1. Under the Karplus relation 6.51 cos²θ - 1.76 cosθ + 1.60, θ = phi - 60°, what is the ordered set of whole-Hz ³J(HN,Hα) values for segment 129-144, x standing for Gly and Pro?
2. If I model a spin label at Asp393 and Asp42 as a point 7 Å from the Cα along the Cα→Cβ vector, what separation in nanometres do I get?
3. Segment 62-127 to segment 173-198: how many Å between their Cα centroids?
4. Any idea how far apart Lys264 and Glu159 come out in nm if each label point goes 7 Å out from Cα toward Cβ?
5. What residue among Thr319, Gln64, Ile128 has its Cα farthest toward the positive end of the dipole of the chain, where the charges are +1 on Lys, Arg and -1 on Asp, Glu, each on the Cβ?
6. Can you figure out the FRET efficiency of Lys11 with Asn245, using R₀ = 35 Å and their beta-carbon distance, to the nearest 0.05?
7. What list do you get for His364, His124 if you sort them by fewest beta carbons within 10 Å?
8. What is the sum of charges, Lys and Arg at +1 and Asp and Glu at -1, for the other residues whose Cβ falls under 12 Å from the Cβ of Arg324?
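Where a number appears in this text, it was derived from the coordinates with a stated rule and is not lab data. Bear in mind that the values here come from a model prediction, so they are computed numbers and not experimental data. Because the Cβ atoms are built from the backbone with ideal geometry, glycine has one as well, and the counts that use them run over all protein chains shown.
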Amino acid sequence: ATALDVERIRKDFPILHTQVHGKPLVYLDNGATTQKPQVVIDAEANYYETYNSNVHRGVHHLSQVATNAYEQARHIVAGFINAAHSHEIIFTKGTTDGINLVANAMSRRFLKPGDSVIISAMEHHSNIVPWQIACEDTGATLKVIPINELGELQMDAFEALLDDSVKIVAVTYVSNTMGTINPVEDIIKLAHARNIPVLLDAAQAIQHISIDVQALKPDFLAFSGHKIYGPTGTGVLYGTTEWLNKLPPYQGGGDMIKTVTFAKTTYNELPYKFEAGTPNIAGAIALGTAIEYLQQVGLDKIQQWEEELLAYALQELRTIEGIRFIGDAAHRSGAISFLVHNIHPFDMGELLDQQGIAVRTGHHCTEPLMDQFQIPGTVRASLSFYNTKEEVDKLVAGIKRATSMLL
Ligand code: PMP
């Protein structure tokens with residue numbers, strides 16, 4: 001395969017040609033959210049301009065066009081992760097929403113005192129707090145897989161935690177703070193050997209690593225549309241038919257019912273059972289467009305370029321005097337967290353911003369991880385396939401300039 005033509009790709013993203021503080025934007029905050037190609041912006045506008053209508057309700061023409069487009073988007077997502085059925089794709093507001101759905105439904109049907117839930121030390125708050133709530137509500141216990149100083153899961157400790165009390169394992173595929181790629185194949189095999197379901201938080205994996213759910217076999221997988229070049233307020237929860245049928249509904253309302261009487265309501269079939277109320281129709285359709293865009297560019301090319309760019313960034317950042325990486329796993333993707341000397345991440349972030357360079361600073365919604373490293377936060381640069389080596393060079397030069405001003 002020929003290499004990715006990054007300069008041509010960049011033309012697809014209008015925001016990449018804007019300026020910040022009079023400097024060309026260098027956008028290295030892709031872990032927080034990704035920029036949108038013009039086709040995605042157009043897909044959203046096109047819905048409102050030409051066929052805005054509610055789904056699954058009307059017999060009228062526009063409603064049918066909207067319903068078809070919405071269901072087509074579900075079909076695109078299913079194909080993208082190789083789900084066995086489109087009804088295994090639930091449209092959500094994002095990763096947080098998908099995890100809350102599973103944690104809430106699990107807690108009402110499957111958790112009781114004495115049970116436990118396993119997460120890891122590197123989870124985003126959105127894969128910690130819903131499980132804490134579930135445990136508080138049911139008397140179950142939250143157990144945490146520890147990590148080593150490189151930011152890698154300690155798999156021996158994970159195996160030791162797996163006993164008959166465990167009702168679900170919920171871990172991130174890729175760390176949003178450190179970029180660690182976790183051995184999710186092994187995690188799933190070990191859990192399944194004990195009939196324990198696994199939820200993968202794929203918020204930071206789906207845009208970097210091609211995922212085949214039938215090969216990988218997670219029971220649940222959640223991701224956000226806005227981190228994969230789609231709109232905000234969109235997301236996907238994949239679940240196996242078996243598990244989605246076992247779980248009770250999350251929210252009640254229109255669309256999720258079959259019949260309603262005051263005596264008893266029966267629930268709709270999958271996926272509608274989990275899609276109460278009018279969904280983000282335009283958003284889901286535009287998410288489908290984002291995925292088609294990625295498929296056209298070619299996931300293999302994207303992955304190849306991102307790996308090359310990450311290796312280059314790590315190599316160049318290592319030349320900075322006084323830099324310390326937070327997490328330095330052998331297998332990684334996307335994000336690089338670091339500190340330079342004793343400079344506060346916020347000060348570094350501000351001076352980079354003045355140079356047009358967007359990075360994220362702070363705890364990245366992983367406060368327990370910051371506690372483990374005994375730091376208040378990090379500077380995080382997170383890469384996309386539309387980033388260039390020149391942008392990495394600007395980051396490195398920007399850090400050196402900021403360091404000379406702050407030390
Ligand atoms: N998990 C991970 C690993 C994330 O990086 C994020 C977003 N930073 C989330 C969950 C939450 O995603 P969202 O805010 O889109 O629901």
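1. My calculation for segment 129-144 gives 4, x, 6, 5, 4, 4, 5, 4, 6, 10, x, 7, 10, 8, 10, 10 Hz in order.
2. Spacing of the two 7 Å Cα→Cβ label points: 3.3 nm.
3. Computed from Cα coordinates, the inter-centre distance equals 17 Å.
4. Placing both labels 7 Å beyond Cα along the Cβ direction yields 4.9 nm.
5. Sorting the options by dipole projection puts first Gln64.
6. Details: r = 45 Å, r/R0 = 1.30.
Given R0 = 35 Å and the Cβ-Cβ separation, E is 0.15.
7. Details: His364 24, His124 21.
Listing His364, His124 from fewest to most nearby Cβ atoms yields His124, His364.
8. On the way: positive: Arg318; negative: Glu149, Glu321, Asp328.
Every neighbour counted, the sum reads -2.
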